[in-house]
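See structure below.
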Amino acid sequence: MKKETENSVQVGRLKFISHSRNIWEETPEEDWNNWMWQQSKRVKTLQACEKVINLSEGEVKAFKESADKFNVGITPYYASLMDKDDVNCPIRQQSVPQVGELLTFPEDMADPLNEEGDMPTPCITHRYPDRVLFYVTHNCPVYCRHCTRKRKVADPSSATMTKQLEDAFLYIEAHPEIRDIVISGGDPLSLSDKKLDMILTRLRSIPHIEIFRLGTRNLVTLPQRVTDEFCEMLKKHQPVYVNTHFNHPKECTYEAYIACKKLADAGCVIGNQTVLLKGVNDDPKIMMELNHKLLAMRVRPYYIYQCDLSEGISHFRTSIEDGINIIEHLRGHTSGLANPTFVVDAPGGGGKIPLLPEYLVKKEGRKYTLRNYENKEFVYTEPELK
Ligand SMILES: *Cc1c(COP(=O)(O)O)cnc(C)c1O
Ligand code: SF4
């Protein structure tokens with residue numbers, strides 16, 4: 001069953017609704033739906049945030065003491081999803097500073113994935129044989145409290161220059177083994193359509209490039225960014241993959257639904273990369289609901305990341321066992337399509353390493369004893385090899 005109204009859609013038992021807008025209730029529709037307006041009205045200060053929600057003592061302290069370390073920025077749209085009183089609101093935890101950010105541990109690292117070590121030129125990380133990360137901006141509409149690149153995002157001194165972009169194009173051109181470009185940042189959708197069009201046109205002109213992926217959280221934090229003009233522009237550059245970053249079912253609103261629909265209708269294949277966050281989504285039920293909602297939005301769950309060892313995010317880290325446990329609760333219990341791969345992005349630049357529950361009970365000669373999702377054991381006998 002599918003039911004649509006002016007500001008909601010229901011797919012089966014899943015509902016995607018437009019939420020009330022808190023202090024922006026009187027904002028004219030055309031402003032609210034304009035991404036430039038959303039960008040310009042971002043909540044950045046303690047004073048502005050106090051008008052939207054009732055801040056806890058901890059949040060006030062974290063706001064004051066983390067100000068010089070990590071930027072704050074929350075679009076009115078994303079801020080309107082926050083619970084006014086509940087500090088544990090998943091939207092709030094991801095966007096309002098928390099006291100946990102003030103702690104540092106010996107295992108914390110400034111660049112845990114050694115992205116800078118694998119940088120042949122300032123905007124490129126080349127770690128895997130056939131694909132690269134390409135950083136095109138350091139800005140994002142919302143600065144996520146759990147960001148791996150916390151140190152870098154919004155730092156004006158690290159803005160991507162035209163010269164650096166050009167060096168990146170030259171690097172990609174000179175390396176015919178590169179066939180896949182992950183366009184990242186910051187959030188590439190912070191750039192204008194014109195600039196993105198220029199970048200994609202240039203990349204498409206390189207003979208060995210097959211696909212690009214846009215790594216963007218705008219579908220979650222600023223869905224208004226996905227305009228008809230933007231989608232028309234992308235159509236020229238297909239195949240284009242979009243990798244987004246939903247972490248909680250509460251983020252799957254009607255606005256997000258429409259943004260995903262537009263991109264999917266424009267021919268983009270959308271994947272989701274969730275970060276496993278303590279108190280936000282470290283619960284198999286929440287992950288299952290999130291993944292069901294994503295599939296109804298035509299977004300395929302791709303990865304669940306174990307939280308990195310970046311500074312100031314220790315309060316979000318779960319055990320690795322928690323991640324494996326989530327996979328245990330998904331595999332077999334729900335559509336294979338709702339099963340992302342759980343990965344640890346290895347500290348020091350080892351890349352993504354997948355982890356699974358153990359399904360091999362024992363191996364005796366040609367006999368494999370396997371267990372299924374219900375913990376029932378089955379024996380598979382391999383053919384005799386000649
Ligand atoms: C994640 C990542 C990629 C893309 O990896 P896939 O497994 O292909 O999605 C490429 N380069 C770097 C440096 C990465 O961290
Ligand atoms: S959108 Fe991505 S890059 Fe930007 S702050 Fe959030 S996690 Fe970091």
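The values are calculated or read from the model by the stated rules, or taken from the named source; none is laboratory data. Values in this document were obtained by computation on a predicted structure and should not be read as measured data. Neighbour counts run over all protein chains shown; Cβ positions are idealised from the backbone, glycine included. All accessible areas refer to the heavy atoms of the entire protein, side chains included, with ligands and DNA or RNA removed. Shrake-Rupley method; radii C 1.70, N 1.55, O 1.52, S 1.80 Å.
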Check your understanding: Within the set Lys194/Lys261; Lys41/Lys285; Lys15/Lys285; Lys2/Lys250, which residue pairs have Cα atoms separated by over 26 Å?
Key -> Lys41/Lys285
Point to revise | Within straight-line cross-link reach of Lys367, aspartates and glutamates at Cα separation under 20 Å, skipping those fewer than 8 residues along the same chain | key: Glu358, Glu377, Glu382, Glu384
Check your understanding: Using a cut-off of 23 Å between alpha-carbon atoms, which lysines can reach Lys352, once sequence neighbours fewer than 8 places away in the same chain are excluded?
Key -> Lys150, Lys152, Lys278
Practice item. Provide the gained length on full extension for the span Glu382 to Thr27, in nm with one decimal, where the gain is 0.36 nm per separating residue minus the Cα-Cα distance. Key: 121.2 nm
Revision key, fill the gap. Phi-derived 3J(HN,Hα) across segment 273-286 with the Karplus relation (6.51, -1.76, 1.60, θ = phi - 60°), rounded Hz, x for Gly and Pro, is 10, 9, 9, 6, 10, 4, x, 10, 9, 8, 9, x, 5, 5
Exercise for review: Mind running the shape call on the chain? Use the C-alpha gyration tensor, a ≥ b ≥ c as the square roots of the eigenvalues: rounded below 1.5 for a/c, prolate if a/b tops b/c, oblate otherwise.
Suggested key: rounded
Practice item. Check cross-link reach from Lys362 to the lysines: straight Cα distance under 16 Å, and skip same-chain residues fewer than eight apart. Key: Lys376
Point to revise | Residues Glu107 and Ala174, FRET efficiency given R0 of 41 Å [Cβ-Cβ distance, rounded to 0.05] | key: 0.65
Point to revise | segment 297-386 - accessible surface per residue (Å², probe 1.4 Å) | key: 57
Practice item. Just order 23-35, 71-83 by mean Cβ neighbour count inside 10 Å, highest at the front, would you? Key: 71-83, 23-35
Study note, to complete from the structure: Diffing segment 86-99: the Karplus 3J(HN,Hα) column from phi (6.51, -1.76, 1.60, θ = phi - 60°), in whole Hz with x for Gly and Pro, holds 8, 4, 8, 3, x, 6, 4, 4, 7, 10, 9, x, 10, 4
**Study point:** Considering only the chain, percent of DSSP beta bridges that pair antiparallel, nearest 5
**Key:** 45
Revision key, fill the gap. Trypsin sites (Lys or Arg not before Pro) in segment 105-148 lying in a DSSP loop, each with at most 12 other Cβ atoms within 10 Å of its Cβ, come to none
Point to revise | Portion, in percent, of the accessible area of segment 116-354 that falls on carbon or sulfur, probe 1.4 Å | key: 56
Point to revise | Hz values of 3J(HN,Hα) by residue in segment 65-77 - Karplus curve (6.51, -1.76, 1.60), Gly and Pro given as x | key: 7, 9, 3, 7, 9, 10, 5, 10, x, 9, 5, x, 4
Exercise for review: At most 15 other Cβ atoms within 10 Å and a DSSP loop assignment: could you name the GluC sites (Glu not before Pro) in segment 70-128 that fit?
Suggested key: Glu107, Glu116
Check your understanding: Quick one: with all protein chains in place, what share of the accessible area of segment 1-80 is carbon or sulfur, to the nearest percent (1.4 Å probe)?
Key -> 46
